[in-house]
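First up is the structure itself, then whatever we jot down about it.
The values are calculated or read from the model by the stated rules, or taken from the named source; none is laboratory data. This is a predicted model, so every value here is computed, not measured. Cβ placement follows ideal geometry from the backbone for every residue including glycine, while neighbour counts extend to all protein chains displayed. Quick note on the areas: whole protein, heavy atoms, side chains included, nothing else; ligands and nucleic acids left out. Shrake-Rupley method; radii C 1.70, N 1.55, O 1.52, S 1.80 Å.
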Amino acid sequence: MAYKALYRTYRPSTFEEVAGQKHIVKTLQNAFSTNKIAHAYLFCGPRGTGKTSMAKLVAKALNCEEGIGHQCNHCSNCLSVTDGSHPDVIEIDAASNNGVDEVRDLIEKVKYSPIKGRYKVYIIDEVHMMTSGAFNALLKTLEEPPAHVIFILATTDAHKVIPTIVSRCQRYDFSKVDDIDIINRLKTIFAKEGIVYDDTALKSIVSLADGGVRDALSIADQVIAYSGNSISEKDVEDLFGLASIEEKTNFILQINRGNTKDVLEKMNQFIESGVDIKRLTNDMLDILKDIIIMSDTGDEKLLIKLRKEQVLNLVDEIDTSVALEMINILLEAQSEYRYVNNISSLFQVTLLKMLSTKKKQQPIPQKAEVKEEPIKLVEPKIVQPTINEEPIPQNVTKQEEPEIKNVSETETVPLLNELVNSGEKNRLSEETIIKLMVIGDKEMKLAMVEKWKNLESYKMHPSIGKHATLLASGRPYIMNSTLLILEYQFAHDAEKVNFIANQKSLTSMIKMISGIEIKVYAICRNESYEASRKFMELRQLSKLPRVTLDDIEIDIKGE
(Lines give C-alpha, C1' and ligand atoms only; values in the text may rest on other atoms or scores of the structure.)
Protein backbone atom coordinates (compact mmCIF):
# COMPACT_ATOMS: atom_id res chain seq x y z
CA MET A 1 0.00 0.00 0.00
CA ALA A 2 1.32 3.47 -0.91
CA TYR A 3 2.50 5.71 1.92
CA LYS A 4 -0.08 8.23 3.07
CA ALA A 5 1.19 11.63 4.17
CA LEU A 6 0.77 12.54 7.83
CA TYR A 7 -1.52 15.49 7.11
CA ARG A 8 -3.88 13.15 5.22
CA THR A 9 -3.62 10.31 7.72
CA TYR A 10 -4.30 12.53 10.70
CA ARG A 11 -6.99 14.87 9.43
CA PRO A 12 -9.19 15.68 12.47
CA SER A 13 -12.13 13.29 12.62
CA THR A 14 -14.15 15.32 15.15
CA PHE A 15 -14.46 18.98 16.11
CA GLU A 16 -12.55 18.22 19.32
CA GLU A 17 -9.44 17.17 17.37
CA VAL A 18 -9.17 20.45 15.46
CA ALA A 19 -5.99 22.34 16.38
CA GLY A 20 -6.91 25.93 17.22
CA GLN A 21 -9.97 27.69 15.70
CA LYS A 22 -11.89 27.19 18.96
CA HIS A 23 -14.19 30.14 18.22
CA ILE A 24 -15.30 28.56 14.96
CA VAL A 25 -15.76 25.11 16.46
CA LYS A 26 -17.87 26.47 19.31
CA THR A 27 -20.07 28.55 16.97
CA LEU A 28 -20.74 25.61 14.65
CA GLN A 29 -21.45 23.22 17.51
CA ASN A 30 -23.95 25.66 19.01
CA ALA A 31 -25.60 26.16 15.62
CA PHE A 32 -26.03 22.42 15.12
CA SER A 33 -27.32 21.83 18.65
CA THR A 34 -30.06 24.44 18.10
CA ASN A 35 -30.69 23.35 14.50
CA LYS A 36 -29.73 26.80 13.14
CA ILE A 37 -28.03 25.59 10.00
CA ALA A 38 -27.05 28.12 7.35
CA HIS A 39 -27.49 27.33 3.67
CA ALA A 40 -23.98 28.64 2.79
CA TYR A 41 -20.70 29.06 4.67
CA LEU A 42 -17.54 30.92 3.65
CA PHE A 43 -14.32 29.69 5.29
CA CYS A 44 -11.46 32.21 4.88
CA GLY A 45 -7.90 32.13 6.14
CA PRO A 46 -4.23 31.26 5.49
CA ARG A 47 -3.28 27.95 3.92
CA GLY A 48 -3.08 24.89 6.13
CA THR A 49 -5.23 26.28 8.95
CA GLY A 50 -8.03 23.70 8.64
CA LYS A 51 -10.61 25.15 6.23
CA THR A 52 -11.14 22.00 4.14
CA SER A 53 -10.90 19.74 7.19
CA MET A 54 -13.55 21.83 8.93
CA ALA A 55 -15.76 21.63 5.84
CA LYS A 56 -15.60 17.83 5.93
CA LEU A 57 -16.40 17.83 9.65
CA VAL A 58 -19.46 19.97 8.93
CA ALA A 59 -20.51 17.44 6.27
CA LYS A 60 -20.15 14.66 8.86
CA ALA A 61 -22.08 16.63 11.49
CA LEU A 62 -24.94 17.15 9.02
CA ASN A 63 -25.17 13.52 7.93
CA CYS A 64 -24.08 11.39 10.92
CA GLU A 65 -26.62 8.63 11.63
CA GLU A 66 -26.52 9.45 15.35
CA GLY A 67 -28.03 12.85 14.65
CA ILE A 68 -27.15 16.35 13.48
CA GLY A 69 -24.05 17.69 15.22
CA HIS A 70 -22.59 14.23 15.91
CA GLN A 71 -19.46 12.74 14.38
CA CYS A 72 -19.46 9.11 15.49
CA ASN A 73 -16.94 7.94 12.88
CA HIS A 74 -18.58 4.49 12.94
CA CYS A 75 -21.68 4.88 10.78
CA SER A 76 -21.51 4.48 7.00
CA ASN A 77 -22.06 8.20 6.45
CA CYS A 78 -19.14 9.27 8.66
CA LEU A 79 -16.83 6.61 7.22
CA SER A 80 -17.63 7.49 3.61
CA VAL A 81 -17.11 11.23 4.26
CA THR A 82 -13.74 10.37 5.79
CA ASP A 83 -12.55 8.30 2.83
CA GLY A 84 -14.04 10.71 0.27
CA SER A 85 -16.58 8.30 -1.21
CA HIS A 86 -19.83 9.82 0.09
CA PRO A 87 -22.16 10.44 -2.89
CA ASP A 88 -23.74 13.50 -1.24
CA VAL A 89 -20.50 15.28 -0.28
CA ILE A 90 -19.09 16.80 -3.45
CA GLU A 91 -15.65 18.46 -3.39
CA ILE A 92 -14.91 20.87 -6.24
CA ASP A 93 -11.55 22.51 -6.95
CA ALA A 94 -12.43 25.97 -8.24
CA ALA A 95 -8.90 26.44 -9.56
CA SER A 96 -9.58 23.89 -12.33
CA ASN A 97 -13.40 24.11 -12.46
CA ASN A 98 -13.84 27.85 -12.53
CA GLY A 99 -15.92 28.47 -15.62
CA VAL A 100 -19.59 29.16 -16.30
CA ASP A 101 -20.17 25.73 -17.84
CA GLU A 102 -18.92 23.90 -14.74
CA VAL A 103 -21.13 26.02 -12.48
CA ARG A 104 -24.18 25.43 -14.68
CA ASP A 105 -23.53 21.70 -14.49
CA LEU A 106 -23.34 21.99 -10.69
CA ILE A 107 -26.63 23.95 -10.59
CA GLU A 108 -28.32 21.30 -12.72
CA LYS A 109 -27.39 18.58 -10.22
CA VAL A 110 -28.29 20.62 -7.11
CA LYS A 111 -32.01 19.99 -7.56
CA TYR A 112 -31.68 16.23 -7.06
CA SER A 113 -32.30 14.85 -3.56
CA PRO A 114 -29.52 13.31 -1.43
CA ILE A 115 -28.77 9.66 -2.19
CA LYS A 116 -27.51 8.57 1.22
CA GLY A 117 -27.47 11.35 3.80
CA ARG A 118 -29.75 14.16 4.99
CA TYR A 119 -27.96 16.89 3.06
CA LYS A 120 -26.01 17.31 -0.13
CA VAL A 121 -22.87 19.27 0.80
CA TYR A 122 -20.91 21.11 -1.91
CA ILE A 123 -17.37 22.00 -0.80
CA ILE A 124 -15.85 24.48 -3.27
CA ASP A 125 -12.14 24.95 -2.54
CA GLU A 126 -10.15 28.04 -3.62
CA VAL A 127 -13.44 29.66 -4.61
CA HIS A 128 -11.69 32.97 -5.36
CA MET A 129 -10.34 31.37 -8.57
CA MET A 130 -13.81 31.33 -10.14
CA THR A 131 -14.42 33.74 -13.00
CA SER A 132 -16.86 36.61 -12.59
CA GLY A 133 -19.24 34.84 -14.98
CA ALA A 134 -19.13 31.70 -12.86
CA PHE A 135 -19.77 33.72 -9.69
CA ASN A 136 -22.78 35.38 -11.29
CA ALA A 137 -24.13 32.04 -12.47
CA LEU A 138 -23.90 30.72 -8.89
CA LEU A 139 -25.54 33.74 -7.23
CA LYS A 140 -29.21 32.78 -7.43
CA THR A 141 -28.65 29.16 -6.40
CA LEU A 142 -26.40 30.22 -3.54
CA GLU A 143 -29.03 32.65 -2.26
CA GLU A 144 -31.96 30.24 -2.42
CA PRO A 145 -30.68 26.66 -2.67
CA PRO A 146 -32.98 23.68 -2.19
CA ALA A 147 -33.56 22.82 1.48
CA HIS A 148 -31.39 19.71 1.22
CA VAL A 149 -28.29 21.54 -0.09
CA ILE A 150 -25.49 23.22 1.89
CA PHE A 151 -22.65 25.14 0.23
CA ILE A 152 -19.24 25.49 1.91
CA LEU A 153 -16.85 27.85 0.10
CA ALA A 154 -13.18 27.91 1.13
CA THR A 155 -10.59 30.52 0.13
CA THR A 156 -7.20 31.92 1.08
CA ASP A 157 -8.03 35.26 -0.61
CA ALA A 158 -11.42 36.43 0.66
CA HIS A 159 -11.00 39.89 -0.89
CA LYS A 160 -11.12 38.27 -4.36
CA VAL A 161 -14.58 36.82 -3.74
CA ILE A 162 -17.21 39.23 -5.05
CA PRO A 163 -19.26 40.98 -2.31
CA THR A 164 -22.56 39.59 -3.59
CA ILE A 165 -21.28 36.06 -2.91
CA VAL A 166 -19.88 36.97 0.52
CA SER A 167 -23.17 38.58 1.56
CA ARG A 168 -25.02 35.31 0.92
CA CYS A 169 -22.78 33.27 3.23
CA GLN A 170 -22.00 32.96 6.91
CA ARG A 171 -18.35 33.98 6.99
CA TYR A 172 -15.80 32.33 9.30
CA ASP A 173 -12.25 33.68 9.44
CA PHE A 174 -9.59 31.08 10.24
CA SER A 175 -6.48 32.41 11.95
CA LYS A 176 -2.97 31.02 12.06
CA VAL A 177 -2.86 28.27 14.67
CA ASP A 178 -1.04 29.02 17.93
CA ASP A 179 2.34 27.33 18.30
CA ILE A 180 1.28 25.46 21.44
CA ASP A 181 -1.73 23.96 19.62
CA ILE A 182 0.47 22.75 16.76
CA ILE A 183 3.03 21.34 19.20
CA ASN A 184 0.33 19.41 21.07
CA ARG A 185 -1.01 18.04 17.77
CA LEU A 186 2.48 16.94 16.72
CA LYS A 187 3.08 15.27 20.06
CA THR A 188 -0.16 13.29 19.73
CA ILE A 189 0.73 12.15 16.20
CA PHE A 190 4.36 11.32 17.05
CA ALA A 191 3.17 9.21 20.00
CA LYS A 192 0.91 7.20 17.65
CA GLU A 193 3.69 6.85 15.07
CA GLY A 194 6.36 5.91 17.62
CA ILE A 195 8.57 8.88 16.75
CA VAL A 196 11.21 9.96 19.29
CA TYR A 197 11.83 13.72 19.25
CA ASP A 198 13.48 16.65 21.01
CA ASP A 199 11.32 19.52 22.22
CA THR A 200 13.68 21.89 20.41
CA ALA A 201 13.05 19.97 17.16
CA LEU A 202 9.31 20.46 17.60
CA LYS A 203 9.80 24.20 18.12
CA SER A 204 11.89 24.40 14.93
CA ILE A 205 9.21 22.57 12.93
CA VAL A 206 6.49 24.85 14.31
CA SER A 207 8.57 27.94 13.52
CA LEU A 208 8.91 26.80 9.91
CA ALA A 209 5.18 26.03 9.68
CA ASP A 210 4.24 29.65 10.50
CA GLY A 211 0.84 28.83 11.98
CA GLY A 212 -0.18 26.14 9.46
CA VAL A 213 -0.94 22.66 10.83
CA ARG A 214 -0.73 21.07 7.38
CA ASP A 215 2.66 22.69 6.77
CA ALA A 216 3.87 21.43 10.16
CA LEU A 217 2.87 17.86 9.31
CA SER A 218 4.42 18.07 5.83
CA ILE A 219 7.68 19.35 7.37
CA ALA A 220 7.55 16.58 9.97
CA ASP A 221 7.12 14.06 7.14
CA GLN A 222 10.27 15.34 5.47
CA VAL A 223 12.29 15.27 8.68
CA ILE A 224 11.16 11.71 9.46
CA ALA A 225 12.15 10.64 5.94
CA TYR A 226 15.56 12.26 6.50
CA SER A 227 16.34 11.10 10.04
CA GLY A 228 14.19 8.02 10.66
CA ASN A 229 12.09 7.56 13.78
CA SER A 230 14.26 9.81 15.94
CA ILE A 231 14.41 13.49 15.09
CA SER A 232 16.52 16.26 16.62
CA GLU A 233 16.88 19.99 16.17
CA LYS A 234 20.07 19.36 14.17
CA ASP A 235 18.12 17.22 11.68
CA VAL A 236 15.64 20.06 11.08
CA GLU A 237 18.46 22.59 10.72
CA ASP A 238 20.40 20.43 8.25
CA LEU A 239 17.35 19.62 6.14
CA PHE A 240 15.95 23.16 5.88
CA GLY A 241 19.14 25.20 5.95
CA LEU A 242 18.62 26.73 9.39
CA ALA A 243 21.30 28.23 11.58
CA SER A 244 21.64 26.71 15.05
CA ILE A 245 20.74 28.66 18.18
CA GLU A 246 24.41 28.86 19.11
CA GLU A 247 25.30 30.32 15.71
CA LYS A 248 22.54 32.90 15.96
CA THR A 249 23.39 33.96 19.52
CA ASN A 250 27.08 34.25 18.62
CA PHE A 251 26.10 36.26 15.55
CA ILE A 252 24.20 38.74 17.73
CA LEU A 253 27.13 38.94 20.15
CA GLN A 254 29.50 39.82 17.27
CA ILE A 255 27.11 42.55 16.16
CA ASN A 256 26.98 43.89 19.72
CA ARG A 257 30.78 43.91 19.89
CA GLY A 258 30.97 45.87 16.63
CA ASN A 259 33.06 43.24 14.80
CA THR A 260 32.11 44.29 11.27
CA LYS A 261 34.49 41.90 9.48
CA ASP A 262 33.39 38.84 11.49
CA VAL A 263 29.70 39.73 11.11
CA LEU A 264 29.89 40.10 7.32
CA GLU A 265 31.92 36.90 6.96
CA LYS A 266 29.35 35.01 9.03
CA MET A 267 26.53 36.48 6.95
CA ASN A 268 28.22 35.16 3.79
CA GLN A 269 28.51 31.72 5.41
CA PHE A 270 24.79 31.76 6.19
CA ILE A 271 23.93 32.66 2.59
CA GLU A 272 26.30 30.07 1.09
CA SER A 273 24.82 27.32 3.28
CA GLY A 274 21.29 28.22 2.12
CA VAL A 275 20.01 29.77 5.35
CA ASP A 276 16.64 31.49 4.89
CA ILE A 277 17.32 35.17 5.61
CA LYS A 278 13.69 35.91 6.53
CA ARG A 279 13.63 33.10 9.10
CA LEU A 280 17.04 34.16 10.41
CA THR A 281 15.66 37.68 10.91
CA ASN A 282 12.64 36.30 12.79
CA ASP A 283 14.87 34.19 15.01
CA MET A 284 17.17 37.13 15.77
CA LEU A 285 14.11 39.15 16.80
CA ASP A 286 12.99 36.37 19.15
CA ILE A 287 16.47 36.14 20.70
CA LEU A 288 16.62 39.91 21.26
CA LYS A 289 13.12 39.82 22.78
CA ASP A 290 14.31 37.08 25.15
CA ILE A 291 17.19 39.31 26.27
CA ILE A 292 14.77 42.10 27.17
CA ILE A 293 12.30 39.70 28.82
CA MET A 294 14.98 38.13 31.01
CA SER A 295 16.50 41.53 31.87
CA ASP A 296 13.14 42.99 32.89
CA THR A 297 11.46 39.96 34.52
CA GLY A 298 14.04 37.29 35.27
CA ASP A 299 11.31 34.73 34.53
CA GLU A 300 12.53 31.92 32.27
CA LYS A 301 8.93 30.73 31.68
CA LEU A 302 8.33 33.82 29.54
CA LEU A 303 11.26 33.12 27.20
CA ILE A 304 10.40 32.60 23.53
CA LYS A 305 13.49 31.08 21.91
CA LEU A 306 16.24 30.47 24.44
CA ARG A 307 16.85 28.49 27.60
CA LYS A 308 17.75 30.32 30.77
CA GLU A 309 21.45 29.51 30.61
CA GLN A 310 21.64 30.66 26.99
CA VAL A 311 19.96 33.99 27.57
CA LEU A 312 21.92 34.80 30.75
CA ASN A 313 25.18 34.87 28.74
CA LEU A 314 23.62 37.46 26.44
CA VAL A 315 22.04 39.56 29.20
CA ASP A 316 25.46 40.06 30.80
CA GLU A 317 26.82 41.60 27.60
CA ILE A 318 23.93 43.22 25.71
CA ASP A 319 22.14 46.21 27.22
CA THR A 320 18.36 46.31 26.82
CA SER A 321 18.52 49.72 25.11
CA VAL A 322 20.88 48.26 22.49
CA ALA A 323 18.63 45.21 22.09
CA LEU A 324 15.62 47.48 21.52
CA GLU A 325 17.49 49.50 18.89
CA MET A 326 18.47 46.27 17.11
CA ILE A 327 14.84 45.12 17.20
CA ASN A 328 13.67 48.36 15.57
CA ILE A 329 16.22 47.97 12.76
CA LEU A 330 15.28 44.31 12.15
CA LEU A 331 11.55 45.14 12.16
CA GLU A 332 12.14 47.83 9.56
CA ALA A 333 14.03 45.33 7.39
CA GLN A 334 11.33 42.71 7.89
CA SER A 335 8.68 45.06 6.54
CA GLU A 336 10.86 45.90 3.51
CA TYR A 337 11.71 42.32 2.47
CA ARG A 338 8.56 41.97 0.37
CA TYR A 339 9.49 44.99 -1.77
CA VAL A 340 13.08 44.11 -2.74
CA ASN A 341 14.52 41.70 -5.29
CA ASN A 342 17.77 41.10 -3.44
CA ILE A 343 17.03 40.17 0.18
CA SER A 344 20.70 39.37 0.90
CA SER A 345 21.73 42.91 0.02
CA LEU A 346 19.03 44.41 2.24
CA PHE A 347 20.07 42.08 5.09
CA GLN A 348 23.67 43.26 4.72
CA VAL A 349 22.57 46.90 4.94
CA THR A 350 20.52 46.00 8.02
CA LEU A 351 23.55 44.46 9.71
CA LEU A 352 25.64 47.56 8.91
CA LYS A 353 22.94 49.72 10.53
CA MET A 354 23.03 47.52 13.64
CA LEU A 355 26.82 47.72 13.78
CA SER A 356 26.67 51.49 13.32
CA THR A 357 24.18 51.77 16.19
CA LYS A 358 26.50 49.84 18.46
CA LYS A 359 29.45 52.04 17.56
CA LYS A 360 27.44 55.13 18.48
CA GLN A 361 26.94 53.58 21.91
CA GLN A 362 30.70 53.22 22.51
CA PRO A 363 31.40 56.65 24.13
CA ILE A 364 28.72 56.13 26.81
CA PRO A 365 31.07 54.54 29.40
CA GLN A 366 33.01 57.86 29.53
CA LYS A 367 30.15 59.31 31.57
CA ALA A 368 31.36 57.33 34.55
CA GLU A 369 34.49 59.51 34.62
CA VAL A 370 32.38 62.61 35.11
CA LYS A 371 30.84 61.19 38.27
CA GLU A 372 34.30 61.25 39.84
CA GLU A 373 34.17 65.09 39.74
CA PRO A 374 30.96 65.88 41.66
CA ILE A 375 32.36 69.28 42.60
CA LYS A 376 31.47 70.52 39.09
CA LEU A 377 27.80 70.06 39.87
CA VAL A 378 27.82 72.43 42.84
CA GLU A 379 29.96 75.30 41.56
CA PRO A 380 28.02 78.46 42.48
CA LYS A 381 28.68 80.08 39.08
CA ILE A 382 26.53 77.51 37.22
CA VAL A 383 22.89 78.52 36.74
CA GLN A 384 21.06 75.27 36.00
CA PRO A 385 17.93 75.14 33.79
CA THR A 386 14.99 74.04 35.83
CA ILE A 387 11.64 72.38 35.39
CA ASN A 388 9.45 72.19 38.45
CA GLU A 389 12.60 72.75 40.52
CA GLU A 390 14.31 69.63 39.06
CA PRO A 391 17.73 70.43 37.50
CA ILE A 392 18.80 69.07 34.14
CA PRO A 393 21.99 67.09 34.84
CA GLN A 394 25.19 69.02 34.08
CA ASN A 395 27.46 65.93 34.14
CA VAL A 396 28.33 66.07 30.45
CA THR A 397 31.76 66.04 28.91
CA LYS A 398 33.02 68.62 26.43
CA GLN A 399 32.41 66.13 23.62
CA GLU A 400 28.70 65.95 24.50
CA GLU A 401 28.03 69.68 25.00
CA PRO A 402 27.46 70.52 21.30
CA GLU A 403 24.74 67.84 21.08
CA ILE A 404 22.69 69.53 23.84
CA LYS A 405 22.41 72.69 21.82
CA ASN A 406 18.87 73.50 22.94
CA VAL A 407 19.61 73.43 26.67
CA SER A 408 21.50 76.53 27.73
CA GLU A 409 22.59 77.46 31.23
CA THR A 410 19.93 80.15 31.49
CA GLU A 411 17.04 78.44 29.70
CA THR A 412 14.01 77.30 31.64
CA VAL A 413 12.41 74.17 30.19
CA PRO A 414 8.56 74.33 30.21
CA LEU A 415 6.57 72.07 32.47
CA LEU A 416 4.84 69.36 30.41
CA ASN A 417 1.94 67.18 31.52
CA GLU A 418 2.51 63.45 32.01
CA LEU A 419 1.75 61.38 28.92
CA VAL A 420 -1.39 59.24 29.13
CA ASN A 421 -2.10 55.81 27.60
CA SER A 422 -5.87 55.99 27.26
CA GLY A 423 -8.72 58.36 26.53
CA GLU A 424 -10.30 60.04 23.53
CA LYS A 425 -8.18 60.15 20.36
CA ASN A 426 -7.84 62.47 17.41
CA ARG A 427 -8.68 60.74 14.12
CA LEU A 428 -8.01 61.60 10.48
CA SER A 429 -9.50 59.58 7.63
CA GLU A 430 -7.36 58.06 4.88
CA GLU A 431 -9.04 60.46 2.45
CA THR A 432 -7.89 63.45 4.54
CA ILE A 433 -4.35 62.08 4.79
CA ILE A 434 -4.17 61.69 1.01
CA LYS A 435 -5.34 65.31 0.60
CA LEU A 436 -2.63 66.40 3.04
CA MET A 437 -0.08 64.44 0.99
CA VAL A 438 -1.16 66.46 -2.07
CA ILE A 439 -0.49 69.81 -0.39
CA GLY A 440 2.43 68.70 1.81
CA ASP A 441 5.36 71.12 1.97
CA LYS A 442 8.53 69.13 1.29
CA GLU A 443 10.91 71.95 2.27
CA MET A 444 9.18 72.40 5.64
CA LYS A 445 9.33 68.66 6.26
CA LEU A 446 13.06 68.44 5.45
CA ALA A 447 13.74 71.35 7.78
CA MET A 448 11.78 69.60 10.54
CA VAL A 449 13.74 66.37 9.93
CA GLU A 450 16.91 68.29 10.74
CA LYS A 451 15.34 69.79 13.88
CA TRP A 452 14.12 66.32 14.90
CA LYS A 453 17.71 65.35 15.78
CA ASN A 454 17.53 67.80 18.70
CA LEU A 455 15.19 65.40 20.52
CA GLU A 456 18.18 63.16 21.31
CA SER A 457 19.43 65.83 23.75
CA TYR A 458 16.33 65.50 25.92
CA LYS A 459 15.79 61.71 25.97
CA MET A 460 17.48 61.23 29.34
CA HIS A 461 15.90 64.24 31.02
CA PRO A 462 14.00 63.14 34.17
CA SER A 463 10.86 65.16 33.40
CA ILE A 464 10.57 65.50 29.63
CA GLY A 465 12.57 62.45 28.54
CA LYS A 466 9.45 60.40 27.87
CA HIS A 467 8.03 63.10 25.59
CA ALA A 468 11.29 63.33 23.64
CA THR A 469 11.60 59.55 23.36
CA LEU A 470 8.05 59.15 22.06
CA LEU A 471 8.51 61.82 19.39
CA ALA A 472 11.98 60.56 18.42
CA SER A 473 10.56 57.07 17.81
CA GLY A 474 8.62 58.50 14.86
CA ARG A 475 9.72 60.46 11.82
CA PRO A 476 8.18 63.49 10.06
CA TYR A 477 6.05 62.12 7.22
CA ILE A 478 3.80 64.95 5.99
CA MET A 479 3.93 68.62 6.99
CA ASN A 480 2.24 71.90 6.20
CA SER A 481 1.91 75.19 8.06
CA THR A 482 -0.67 73.86 10.54
CA LEU A 483 -0.08 70.12 10.95
CA LEU A 484 2.81 67.67 11.26
CA ILE A 485 2.04 63.99 10.60
CA LEU A 486 4.50 61.50 12.06
CA GLU A 487 5.06 57.90 10.93
CA TYR A 488 5.70 55.15 13.51
CA GLN A 489 6.78 51.53 13.22
CA PHE A 490 4.34 50.47 15.95
CA ALA A 491 0.64 51.30 16.11
CA HIS A 492 0.67 51.72 19.91
CA ASP A 493 3.21 54.58 19.64
CA ALA A 494 1.08 56.35 17.02
CA GLU A 495 -2.00 55.84 19.19
CA LYS A 496 -0.24 57.47 22.16
CA VAL A 497 0.55 60.57 20.10
CA ASN A 498 -3.09 60.81 19.06
CA PHE A 499 -4.59 60.85 22.55
CA ILE A 500 -6.13 64.29 22.90
CA ALA A 501 -4.72 64.65 26.42
CA ASN A 502 -1.16 64.34 25.02
CA GLN A 503 -1.54 66.90 22.21
CA LYS A 504 -0.63 70.01 24.22
CA SER A 505 2.53 68.52 25.76
CA LEU A 506 3.81 67.09 22.49
CA THR A 507 3.21 70.32 20.53
CA SER A 508 5.09 72.18 23.27
CA MET A 509 7.97 69.73 22.95
CA ILE A 510 8.05 70.21 19.17
CA LYS A 511 8.07 73.99 19.60
CA MET A 512 10.96 73.65 22.04
CA ILE A 513 13.18 71.79 19.54
CA SER A 514 12.11 73.57 16.36
CA GLY A 515 10.67 76.95 17.30
CA ILE A 516 7.49 76.09 15.38
CA GLU A 517 4.08 75.85 17.03
CA ILE A 518 2.18 73.17 15.13
CA LYS A 519 -0.40 70.45 15.76
CA VAL A 520 0.77 66.84 15.58
CA TYR A 521 -0.87 63.61 14.41
CA ALA A 522 0.59 60.11 13.96
CA ILE A 523 0.05 57.06 11.75
CA CYS A 524 1.69 53.62 11.84
CA ARG A 525 3.74 52.05 9.05
CA ASN A 526 0.82 50.01 7.70
CA GLU A 527 -1.37 53.12 7.43
CA SER A 528 1.35 55.11 5.66
CA TYR A 529 1.95 52.24 3.24
CA GLU A 530 -1.75 52.03 2.35
CA ALA A 531 -2.03 55.81 2.00
CA SER A 532 1.08 55.94 -0.24
CA ARG A 533 -0.24 53.07 -2.36
CA LYS A 534 -3.59 54.82 -2.81
CA PHE A 535 -1.84 58.15 -3.53
CA MET A 536 0.28 56.55 -6.29
CA GLU A 537 -2.73 54.78 -7.73
CA LEU A 538 -4.73 58.02 -7.92
CA ARG A 539 -1.77 59.90 -9.37
CA GLN A 540 -1.33 57.31 -12.13
CA LEU A 541 -5.02 57.70 -12.97
CA SER A 542 -4.75 61.52 -12.78
CA LYS A 543 -7.45 61.47 -10.11
CA LEU A 544 -5.63 63.13 -7.22
CA PRO A 545 -7.87 65.70 -5.50
CA ARG A 546 -7.14 69.35 -6.30
CA VAL A 547 -7.24 70.99 -2.89
CA THR A 548 -5.75 73.79 -0.85
CA LEU A 549 -5.22 73.89 2.89
CA ASP A 550 -8.46 75.86 3.28
CA ASP A 551 -10.40 73.02 1.65
CA ILE A 552 -9.33 70.43 4.24
CA GLU A 553 -11.02 70.14 7.61
CA ILE A 554 -8.36 69.22 10.15
CA ASP A 555 -9.98 68.55 13.50
CA ILE A 556 -7.08 67.98 15.88
CA LYS A 557 -8.07 68.69 19.48
CA GLY A 558 -5.77 69.29 22.44
CA GLU A 559 -6.54 69.72 26.13
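Annotations
- For segment 167-204, a tally of residues being charged (D, E, K, R), part of a helix (DSSP H, G or I) and either in contact with a strand residue (DSSP E or B) (Cβ under 9 Å, 6 or more places away or on another chain) or modelled with pLDDT of 90 or more (or both) returns 1.
- For segment 415-429, residues that are open to solvent by 60 Å² or more (accessible area, probe 1.4 Å), in contact with a helix residue (DSSP H, G or I) (Cβ under 6 Å, 6 or more places away or on another chain) and farther than 14 Å from residue 494 by Cα total 1.
- Only residues that are of a type in the set (S, T, N, Q) and not in a helix (DSSP H, G or I) were counted in segment 540-559, giving 2.
- Subset of segment 500-514 [more than 12 Å from residue 418 (Cα to Cα) and touching a residue at least 40 places away in the same chain (Cβ under 8 Å)]: 500, 507, 508, 509, 512, 513, 514
- Criterion: under 30 Å from residue 337 (Cβ atoms), acidic (Asp, Glu) and at pLDDT 85 or above - qualifying residue of 537, 517, 527: 527
- Number of positions in segment 260-275 that are in contact (Cβ under 8 Å) with a residue 40 or more places away in the chain and open to solvent by 30 Å² or more (accessible area, probe 1.4 Å): 3
- If you check 56, 51, 60 for being under 38 Å from the mean Cα position of the chain (by Cα) and either of a type in the set (A, V, I, L, M) or open to solvent by 20 Å² or more (accessible area, probe 1.4 Å) (or both), only one passes: 56.
- Residues of segment 77-101 that are surrounded by 13 or more Cβ atoms within 10 Å (Cβ to Cβ) and in a helix (DSSP H, G or I): 77, 78, 79, 80, 81, 82, 100.
- Restricting the first member to segment 532-548 and to residues that are within 16 Å of residue 439 (Cα to Cα), and the second to residues that are assigned to a helix (DSSP H, G or I) and open to solvent by 70 Å² or more (accessible area, probe 1.4 Å), the beta-carbon pairs closer than 7 Å and six or more apart or on different chains are 534/430.
- Which listed residue, of 399, 394, is open to solvent by 60 Å² or more (accessible area, probe 1.4 Å) and either modelled with pLDDT of 85 or more or assigned to a loop (DSSP other than H, G, I, E, B) (or both): 399
- Residue 73 vs. criteria modelled with pLDDT of 85 or more, open to solvent by less than 30 Å² (accessible area, probe 1.4 Å) and either part of a loop (DSSP other than H, G, I, E, B) or not basic (Lys, Arg) (or both): no
- Hey, residue 236 under 27 Å from the mean Cα position of the chain (by Cα), within 30 Å of residue 17 (Cβ to Cβ) and free of Cβ contacts under 8 Å to residues at least 60 places away in the same chain or not: yes
- The number of residues in segment 261-319 that are of a type in the set (Lys, Arg), under 18 Å from residue 206 (Cβ atoms) and at pLDDT 80 or above comes to 3.
- Residues (among the aliphatic types (A, V, I, L, M) and either at positive phi or in contact with a Lys or Arg (Cβ under 8 Å, 6 or more places away or on another chain) (or both)) located in segment 78-128: 81, 89, 90, 110, 123
- Among the residues making up segment 142-173, those that are open to solvent by less than 10 Å² (accessible area, probe 1.4 Å), within 29 Å of the chain's Cα centre (by Cα) and closer than 19 Å to residue 25 by Cα are 152, 153, 154, 155.
- Strands (runs of 3 or more DSSP E) wholly inside segment 465-539 that include at least 1 residues being of a type outside the set (A, V, I, L, M) and open to solvent by 30 Å² or more (accessible area, probe 1.4 Å): 475-479, 519-524
- Some residue of segment 21-39 being closer than 26 Å to residue 225 by Cβ, part of a loop (DSSP other than H, G, I, E, B) and open to solvent by 30 Å² or more (accessible area, probe 1.4 Å): no
- Any hit, segment 109-131, residues being open to solvent by 70 Å² or more (accessible area, probe 1.4 Å), over 15 Å from residue 148 (Cα atoms) and among the hydrophobic types (A, V, I, L, M, F, W, C): yes
- When segment 274-317 is filtered for residues that are outside any helix (DSSP H, G or I), farther than 14 Å from residue 247 by Cα and under 18 Å from the mean Cα position of the chain (by Cα), only 304 remains.
- Any hit, segment 433-446, residues being in a loop (DSSP other than H, G, I, E, B) and at pLDDT 80 or above: yes
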